[in-house]
Amino acid sequence: MGGPQRTLRIQAREMRQVKELSQDRIRSVVVRAPNWIGDCVMAMPAMQIMRQAFPTARFDAIAQPLVADVLEAAKLRQGTALAAEAVATGDPQLFDTIHRIPVARGVSKLSGLGRSVMSVRKDVPGPRRSQLGVCLPNSFESALLLRLLGCRYRLGVAADARGWLLTHAVRKRLIPVGCHHSEYYLSILAAVGISGEAMRPALAVPQRGREEARLLLSACGVVSEVDIAGPTRLALTRDAGRRAPLIVMHPGAAFGDAKRWGPEGFAAVAAQAVNILGSADVVVSNDSGPMHLAAALGTPVIAVFGPTNPTRTGPLGPGHTIISKHVECSPCELVSCPIDHRCMTLISEKEIFGALAATLAASRRVVSR
């Protein structure tokens with residue numbers, strides 16, 4: 001399949017002739033970002049490849065507020081020519097502009113969509129007909145937004161009866177069954193000839209965010225001082241001359257209570273965590289957006305999985321630990337468990353303690369080298 005340097009091949013619909021789209025026609029790219037934090041992080045490898053495929057094009061994102069906050073921390077992946085140029089100019093951001101759109105549900109969707117179109121149109125420079133709009137969510141509304149914006153080319157998965165809104169609709173049959181969700185987004189691009197080296201997400205906490213974290217931790221009495229040892233790592237001082245690890249517990253999950261390991265388990269681990277010696281930071285989390293954020297920041301993650309499949313939504317990058325039980329009904333992908341939640345209740349505090357100890361020990365060895 002030809003690469004973007006020659007031509008962008010797009011398979012529109014089944015039984016329809018493959019179209020060709022010259023790369024030099026694309027002067028700006030608008031990406032409608034996923035609506036969930038975790039999905040957004042898993043889409044970042046695809047976003048990085050898009051940016052590399054169209055290095056001279058303006059690269060914008062349209063996102064709901066929480067996702068927009070994440071994208072503001074997204075950086076061009078180091079080791080690429082485009083990233084080196086951006087760092088040299090002091091602007092290594094992944095996106096040129098991030099357009100925030102409101103979260104709208106029910107009858108307010110149409111009015112919210114109209115406000116979103118007007119807001120983005122004010123900020124988008126140049127002829128709108130020159131744009132490539134990439135629709136990463138599968139919703140009808142997200143494709144309609146790109147159509148109302150006047151994007152000449154609109155790329156996305158043919159789902160939710162929206163194929164007619166997309167000039168270049170990718171059939172689901174072109175996406176590998178059971179692939180990791182990051183590969184799902186990469187497959188959308190591969191179907192139209194955009195490919196490249198898949199790079200794990202790159203996030204960086206801005207200085208303001210680091211200061212807010214320091215103040216929050218100090219106010220909660222967690223630490224007396226926080227020293228930023230690097231772009232993504234905290235070195236914590238409980239008292240003079242003594243360093244201690246910060247173990248972050250995230251028991252929530254937006255998908256539903258089926259993805260949540262029991263609060264009793266988290267409480268027991270939290271009560272004993274101070275006894276685990278080490279000098280590294282680690283996050284213990286259910287399958288959730290913050291789990292993916294931690295992984296993108298380079299923090300080791302102990303991820304607790306039950307009804308969802310870690311091969312599809314596990315944290316990206318090395319150094320993470322997956323805790324799960326292979327019971328007959330998992331993964332079921334249900335929001336709430338109709339039986340006894342055995343995929344989660346069979347996970348013991350001892351398993352989490354063991355993973356914590358191993359992760360902290362491994363991090364200590366890396367630091368001491």
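Any residue at all in the stretch 97-105 that is in contact with a Pro (Cβ under 6 Å, 6 or more places away or on another chain), surrounded by fewer than 21 Cβ atoms within 10 Å (Cβ to Cβ) and either at pLDDT 85 or above or not assigned by TED's automatic domain parsing to the domain that holds Gly314 (or both)?
Yes, because at least one residue in the stretch 97-105 is in contact with a Pro (Cβ under 6 Å, 6 or more places away or on another chain), surrounded by fewer than 21 Cβ atoms within 10 Å (Cβ to Cβ) and either at pLDDT 85 or above or not assigned by TED's automatic domain parsing to the domain that holds Gly314 (or both).
Go through (1) of a type in the set (Gly, Ala, Ser); (2) in a helix (DSSP H, G or I); (3) at pLDDT below 90 one by one and return the number of the condition Ala358 breaks.
Going through the list (1) of a type in the set (Gly, Ala, Ser); (2) in a helix (DSSP H, G or I); (3) at pLDDT below 90, Ala358 breaks only (3).
Of the numbered conditions (1) buried (at least 16 other Cβ atoms within 10 Å of the Cβ); (2) part of a loop (DSSP other than H, G, I, E, B), Leu132 satisfies every one except a single condition; which is it?
Checking Leu132 against (1) buried (at least 16 other Cβ atoms within 10 Å of the Cβ); (2) part of a loop (DSSP other than H, G, I, E, B), the one that fails is (2).
For Leu146, are the conditions met, namely being at pLDDT 85 or above, buried (at least 22 other Cβ atoms within 10 Å of the Cβ) and assigned to a helix (DSSP H, G or I)?
Yes; evaluated as a whole, the condition is true for this residue.
Can you find even one residue in the stretch 327-342 that is touching a strand residue (DSSP E or B) at 6+ places or on another chain (Cβ under 8 Å) and modelled with pLDDT of 90 or more?
no
Of the residues that sit in the stretch 293-326 and are in a helix (DSSP H, G or I) and at pLDDT below 90, which one is surrounded by the fewest Cβ atoms within 10 Å (Cβ to Cβ)?
Leu293
The values are calculated or read from the model by the stated rules, or taken from the named source; none is laboratory data. Worth saying up front: this structure is predicted, and the values here are computed from it rather than measured. Positions of Cβ are backbone-derived with ideal geometry, glycine not excepted, and every protein chain shown enters the neighbour counts.
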